[in-house]
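*Asks:* Pasting a structure below so you can have a look.
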Amino acid sequence: MKINLDSDKLRLLRKERFWSQEQVAEMAGISPRTIQRIENGSRASQDSAAALANIYDVTIKDLVVDEDKYEPQARKSKEMFGLDLSFRVHLISFLMGAGSMLLINLLTNPADWWSLTPVGFWAIGLLCHGGTVFLVKSVEKMKLEMKEKELAG
């Protein structure tokens with residue numbers, strides 16, 4: 001099982017001790033390339049995590065990524081789900097409310113379409129809400145793609 005270690009924390013611990021990556025690798029008994037990868041955000045094996053925790057005199061738990069700091073994808077997914085849900089609730093309430101208003105208008109006074117004005121403004125609000133959700137989701141998707149490219153190369 002691979003462990004997601006906090007690369008910033010590892011780099012800070014190493015620099016506080018004025019150690020090079022090569023020195024850390026030698027003390028931990030792992031390759032310098034593995035140290036480079038871990039400090040660049042790659043996941044570490046349990047053995048590598050244990051060796052690093054040992055040389056820095058901390059627990060593995062102390063080296064694991066602080067999920068709140070890095071806003072894990074799971075929490076982002078929940079936020080995006082919330083955005084989708086809010087728009088869908090708005091859409092359903094619009095369809096039910098506008099449909100009711102138009103039906104009442106048709107049954108009570110079919111010559112005067114008074115309901116078109118509030119339904120029109122409500123539709124504008126719905127379009128703005130949908131546009132905002134689309135923009136937020138697009139920006140988050142672009143951020144994720146940029147982060148993946150950054151980690152890959």
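*Asks:* Can you tell me which residue in region 29-53 is farthest from A152 (Cα to Cα), limited to those that are surrounded by 18 or more Cβ atoms within 10 Å (Cβ to Cβ) and out of contact with any Ser or Thr (no Cβ under 7 Å at 6 or more places or on another chain)?
*Replies:* Selected residue: A51.
*Asks:* Got a number for residues in region 122-149 being over 14 Å from D84 (Cα atoms) and modelled with pLDDT under 95?
*Replies:* Counting residues in region 122-149 that are over 14 Å from D84 (Cα atoms) and modelled with pLDDT under 95 gives 10.
*Asks:* I'm told F18 meets every condition in (1) loosely packed, with under 11 Cβ neighbours inside 10 Å; (2) under 24 Å from K137 (Cβ atoms) except one. Can you identify the failing condition by its number?
*Replies:* (2)
*Asks:* Of all the residues that make up region 24-41, how many are within 18 Å of K9 (Cβ to Cβ) and either without any contact (Cβ under 8 Å) to a residue 12 or more places away in the chain or of a type in the set (A, V, I, L, M, F, W, C) (or both)?
*Replies:* 8
*Asks:* Considering every residue within region 42-54, establish whether at least one is modelled with pLDDT under 90, over 20 Å from E145 (Cα atoms) and among the acidic types (D, E).
*Replies:* No, region 42-54 contains no residue that is modelled with pLDDT under 90, over 20 Å from E145 (Cα atoms) and among the acidic types (D, E).
*Asks:* Has region 124-142 got at least one residue that is out of contact with any strand residue (DSSP E or B) (no Cβ under 7 Å at 6 or more places or on another chain), among the hydrophobic types (A, V, I, L, M, F, W, C), in contact (Cβ under 8 Å) with a residue 60 or more places away in the chain and not assigned by TED's automatic domain parsing to the domain that holds G41?
*Replies:* Kept after step one, since they are out of contact with any strand residue (DSSP E or B) (no Cβ under 7 Å at 6 or more places or on another chain), are these residues of region 124-142: 124-142.
Next, only the ones that are among the hydrophobic types (A, V, I, L, M, F, W, C) stay: 124, 126-128, 133-136, 139, 142.
From the residues that got through so far, the ones that are in contact (Cβ under 8 Å) with a residue 60 or more places away in the chain too are none.
No, the conditions are met nowhere in region 124-142.
*Asks:* A further question follows. Please specify each residue of region 12-27 satisfying the condition of being farther than 13 Å from N54 by Cα and among the aliphatic types (A, V, I, L, M).
*Replies:* Correct list: L12 only.
The values are calculated or read from the model by the stated rules, or taken from the named source; none is laboratory data. On a predicted model such as this, the values are computed, not experimentally measured, just so you know. Positions of Cβ are generated from backbone atoms using ideal geometry, with glycine treated the same way; all protein chains shown enter the neighbour counts.
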